[in-house]
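Engineer: Structure provided below as structure tokens; questions to follow.
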Amino acid sequence: MTEPTIYELSSPGRVGVRYPQPDVPLAELPQDLVRQDLPLPELSELNVIRHFMHLSHLNYSIDSGFYPLGSCTMKYNPKINEEMARLPGFAYTHPLQPIETVQGNLALMYELQEYLKEITGFDAVTLQPAAGAQGEFTGVMIIRAYHKSRGDSKRTKILVPDSAHGTNPATSAMSGYEVVHIPSDSRGNVDIEALRAACDETVAGLMLTNPNTLGLFEEQVVEVNRIVHEAGGLVYGDGANLNALLGIARPADLGFDIMHINLHKTFSTPHGGGGPGSGPVAVKAAFKEFLPGPIVEVLEEGDEELPPVFGFYQPTQSIGRVKAFHGHFGMMVRAYTYISIHGAEGLRKVSEYAVLNANYLLARMRGTYKVPYDRICKHEFVVEGVWDDAPEVHALDIAKRLMDYNFHPPTNYFPLIVREALMIEPTETETKQTLDRFADVMLKIAEEAHQQPELLREAPHSTPVGRLDEVKAAKELVLCCWLPEEAKN
Amino acid sequence: MYTPHTDSEREEMLKVIGVPSIESLFADVPAEYRFPRLNLPEPLSEMEVAAQLQELASINETTRDLICFLGAGAYNHYVPAAVDAILRRGEFYTAYTPYQPEVSQGTLQAIFEYQSLIANLTGMDASNASHYDGATATAEAAVLAYHHFRGKRTRFVVSPSVNPQYRAVLRTYLNGYENLEVIGDDVEKPFETAEDLLPLVDANTALVIVQYPDFFGRIQDLTDFAQKVHESGALLTVVVNPLALALFKSPGEMGADIACGEGQPLGIPLSYGGPYLGIFATKKDYVRKMAGRLVGETTDKEGRRGYVLTLTAREQHIRREKATSNICTNQGLMALAATVYMSLLGKTGLRQVAELCYHKAHYTAQQINQIPGFEVDLKTPFFHEFVVKCPDSVEEINEYLLDNGILGGYDLSNDYPALKNHMLLAVTEMNTREDIEILCEALKEYSHD
Ligand SMILES: Cc1ncc(COP(=O)(O)O)c(C=O)c1O
């Protein structure tokens, strides 16, 4: 069942939307600048709606089923969030409007900054970064600016545990640092001795994810952070896994200096098929002046009669803008809605149930799947998707076979320190019934792997397309359904 | 609520795990920091939250309440209802990055179509799946050029008429590299043309960046300029407003190597500045150096057409510190919005919107130019934005306009000290002739008072 492309559906002369005729005299066009060809499709509105409806049916999504994609926190995205972000009072405001006309927006942004500070324990927040990776970039550039401001130019390295997400080393490199990998120990923690050995006056900082990408709480996190600080470095927290810590522990209390928060993971803003995300960065007071500006502040305190007046503050030693305007405001509205509905008590429950669900699934799978670092996990866990007595089967085959049972596969082949990794994050919004069904299927697949390995090797059998030829895609490199050359003929 | 367990389910689950309580799942968290009391407002019901946000939203004055002539990088356009109808499909907005192609063909094909539309609109060979916004797309162009020359060319020549926020973001991104030079954007000479940059372009120049239409709305043919830039071996990036490309020559046709820009005009609501859409497209020589996701066409074993993420060896999850960028989550749903918008409007509609903007902006400019004290340069070609020289500070004029229900233009003195009393006005298909007349009346009254 192949859906034609919009170019294949196109018919010359067809029109999808009508616009009013010009109500002003026509101006002359600069003929030498006017474009001759415009190779765009021509469709009716119904063509377009059906086409994208058909495409939507080819997607798996949280709304349609269990999506235990580790490290991504695929929790339910409440519908009310979508309504709120589309309120005309928010959706139709221009980012450069005078501040007196957007006090509602600024109040919301200010409150969200305050909530995020309270939840993480930090002292200041910028809402500007567009996603987690941009938050990392912001944070590492703050580390750089901080050392520079002290005239400390020897620090050329960032330490990154070997379990880290790819964005961590990529961010460090982009920020001008050499990356030094720190191994993990047998319990899945940062190897303290290796860390000590790596820490000297050339270290600018450590990028640490806690819980780490194995889904495990860094048991010596306070000590890890102390070691880095003693060497004069700073600790950046990759906040991708904050969903395990709401009301459980505040990263600032644990010794982190700077951290990003993924509104699109922890605070339920939708993942959108690959974004938009939102990656606010929180810092301790010592780093506030390095934040990208502007940030929202109270310009005049309110009183009984008048609300406070909100405006912008430009940090004095800012690393500079990382993005145009004020960040992904639409995502902020959704996250604010989510936090308001939960309150402190509800947020703690989110993390408790995220951790309960992960441990429950782990308990049900343990014994059938090898758990390389086996202890109480946090919001996710990692198993090996391979057995010595079923050598033909790999993690990828298990992932594909899950599709036949109508589940989205877990993250696979990450973290790199686990052989054939399957990284499973159920999130708090799933019922026990769903978890049981998934566990049953995982056990059944393990059985199939041993008895009918070809069933897995050839999976999926029930999806709109089978396994696709990635080598061919990279070799032929067809990135466009109607090349400009063809259009010109 | 969103957490579904009943008490008895919770107890059963704890029993299977083999721990006595939920608290015991957190024994590895240092006791002195465990379970902090968070000082947050009491939880509210959905009904109460909806009322509270409604209240906040109603404090704002919007581009619907006011007549909007504000642009400067974000534009007030009509978004046909069908766009949001598709965006609201849970199948699209509650999925994630299509790492598992067999269950993500909807997202993958939509991105592939997006890439096709953008490549065709910009006249380039390939587009990526998106960057965060126009500013970061511009910065990523510089990073591409830096790597293209393996760091050996260290000069980046940027026109002063590139959006000031983009220039700021560009500088932030290049701060991570040693000894790079960003020059050319002398804000004391805001109206310099592309040609004025040429003396700065030398054998050490990696990239030249100009904007089209530029920040002041002006358009010029860049064909000769592109050739001269290439004579010194440098690459050329043209920052575009994609809507203008429905009417004017594409950067590809004029010889640019990279086209990037802000995709917000393509069906994305203003939403106080985001989320928007970073457009990024290149000629084929640079495809493998492009950052971000790319979708390619292929087939399955049975020969059925399908789409996958391709050339992933450029990306952070494979290449780690050697990746072309750290970008991971991008603007998927916004790219979908642009795809649906461009599909709906198509060849005729997109051109029609661009022409409406053009004609209405020119009418407005001519009318304002006749008001005593106000001056517009009508000789230089422009698209839908233009600079008005005012008799007073823009701040004062805008206050007056706001009192008359008009959201005035952008105060250029914010970024260009030389442009005191200069306002940047944007006119789109949303502005009726009546709106334009109300604006002109208000400006006339202002100049009389
Ligand atoms: C552990 C970790 N760090 C960083 C990131 C990057 O975040 P984003 O995709 O929002 O840029 C991810 C993302 O998926 C992640 O799982």
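Engineer: Can you return the lysines within cross-link range of A:Lys472? Criterion is Cα-Cα under 28 Å, with same-chain partners fewer than 8 residues away left out.
Structural biologist: Answer for A:Lys472, where 28 Å is the Cα cut-off: A:Lys400, A:Lys488, B:Lys283, B:Lys284, B:Lys289, B:Lys301, B:Lys322, listed by chain and number.
Engineer: Once you average over the residues of A:254-261, how many Cβ atoms of partner chains fall within 10 Å of each Cβ?
Structural biologist: Values: counts 3, 2, 0, 0, 0, 0, 0, 0.
Shielding by partners across A:254-261 averages 1.
Engineer: So for the protein assembly as shown, Kirkwood radius off the Cα pairs, Stokes-Einstein at 4 °C and 1.567 mPa s: how many µm² s⁻¹?
Structural biologist: On the way: Rh = 28.3 Å.
Answer from the Stokes-Einstein relation: 46 µm²/s.
Engineer: Let me ask another. Which residue fluctuates most in the GNM of chain B (Cα springs below 10 Å): B:Gly296, B:Gly267, B:Gly255?
Structural biologist: Comparing B:Gly296, B:Gly267, B:Gly255 in the GNM, the peak value goes to B:Gly296.
Engineer: Could you sort B:29-41, B:141-153, A:172-184, B:99-111 so that the peptide with the highest average Cβ count within 10 Å comes first and the rest follow in order? Kindly include the intermediate steps, with their values, before the conclusion.
Structural biologist: Numbers: B:29-41: 14.1, B:141-153: 18.7, A:172-184: 20.5, B:99-111: 27.3.
In decreasing order of mean packing, B:29-41, B:141-153, A:172-184, B:99-111 become B:99-111, A:172-184, B:141-153, B:29-41.
Engineer: Still on this structure, please answer the following. When only Cα pairs under 8 Å and 6 or more residues apart are kept, what is the percent relative contact order across the range A:348-423?
Structural biologist: 26
Engineer: Follow-up question, since we're still on this one. Which order do peptides B:350-357, A:162-169, B:126-133 fall in by mean Cβ count within 10 Å, highest first? Walk me through the numbers before you get to the answer.
Structural biologist: Values: B:350-357: 22.5, A:162-169: 24.9, B:126-133: 30.1.
Ranked from most to least packed, the peptides come out as B:126-133, A:162-169, B:350-357.
Engineer: I've got another one for you. Roughly how many Å is it from the Cα centre of the range A:335-370 to that of the range A:1-32, as a whole number?
Structural biologist: A separation of 49 Å, based on Cα centres.
Engineer: As a test of the formula, what do you get for chain B when each DSSP H run with n ≥ 4 contributes -39,500 (n - 2.57) and the sum is divided by the residue count, at 222 nm and rounded to the nearest 500 deg cm²/dmol?
Structural biologist: Numbers: 13 runs with 161 residues, N = 449.
Result for chain B, helices only: -11000 deg cm²/dmol.
Engineer: Please give the Cα centre distance for the range B:362-421 versus the range A:432-449, rounded to the nearest Å.
Structural biologist: Comparing the Cα centres of the range B:362-421 and the range A:432-449, I get a distance of 66 Å.
Engineer: When the helix-only estimate is applied to chain A (DSSP H runs of n ≥ 4, each -39,500 (n - 2.57), divided by the residue count), what is the mean residue ellipticity at 222 nm, nearest 500 deg cm²/dmol? Show your work: numbers first, answer last.
Structural biologist: On the way: 15 runs with 173 residues, N = 489.
Computed ellipticity for chain A at 222 nm equals -11000 deg cm²/dmol.
Engineer: Quick check: net charge around A:Ala194, other residues with Cβ under 12 Å of its Cβ, Lys/Arg +1 and Asp/Glu -1? Walk me through the numbers on the way to the answer.
Structural biologist: On the way: positive: A:Arg196; negative: A:Asp162, A:Asp185, A:Asp191, A:Glu193.
Its environment carries a net charge of -3.
Engineer: I'd like to compare A:424-430, B:204-210: which one has the highest average count of other Cβ atoms within 10 Å, and what's the full order after that?
Structural biologist: Working: A:424-430: 26.0, B:204-210: 24.4.
Descending mean neighbour count gives A:424-430, B:204-210.
Engineer: Separate question: Calculate the mean, over all residues of peptide B:289-302, of how many other protein chain Cβ atoms lie within 10 angstrom of the residue's Cβ. Please report the intermediate quantities before stating the final value.
Structural biologist: Details: counts 0, 1, 2, 0, 2, 4, 4, 11, 10, 11, 8, 7, 6, 2.
The per-residue average across the peptide is 5.
Engineer: Just counting partner chain Cβ atoms within 10 Å, what average do the residues of peptide A:99-109 show around their Cβ?
Structural biologist: On the way: counts 0, 3, 8, 5, 4, 11, 7, 4, 4, 7, 1.
Mean number of neighbouring Cβ atoms from other chains: 5.
Engineer: What number, in nm² with one decimal, is the all-direction average of the projected area of the convex hull of the alpha-carbon atoms of the range A:59-463?
Structural biologist: Computing the convex hull of the Cα atoms and averaging its projections yields 20.4 nm².
Engineer: What whole number of Å gives the distance from the Cα centroid of the range B:59-119 to the Cα centroid of the range A:236-256?
Structural biologist: Measuring centre to centre over Cα atoms gives 32 Å.
Engineer: Another question about this same structure. Taking a label point 7 Å from the Cα of A:Asn406 along the Cα→Cβ vector, which residues of the range A:36-70 have an amide N closer than 20 Å to it?
Structural biologist: Only A:54-69 fall inside the zone, counting backbone N under 20 Å.
Readers should treat all values here as calculations from the given coordinates under stated rules, not as data from a laboratory. Keep in mind that what you see is a predicted model, and the values were worked out from it rather than measured. Virtual Cβ from ideal backbone geometry, glycine too; neighbours counted across all protein chains shown.
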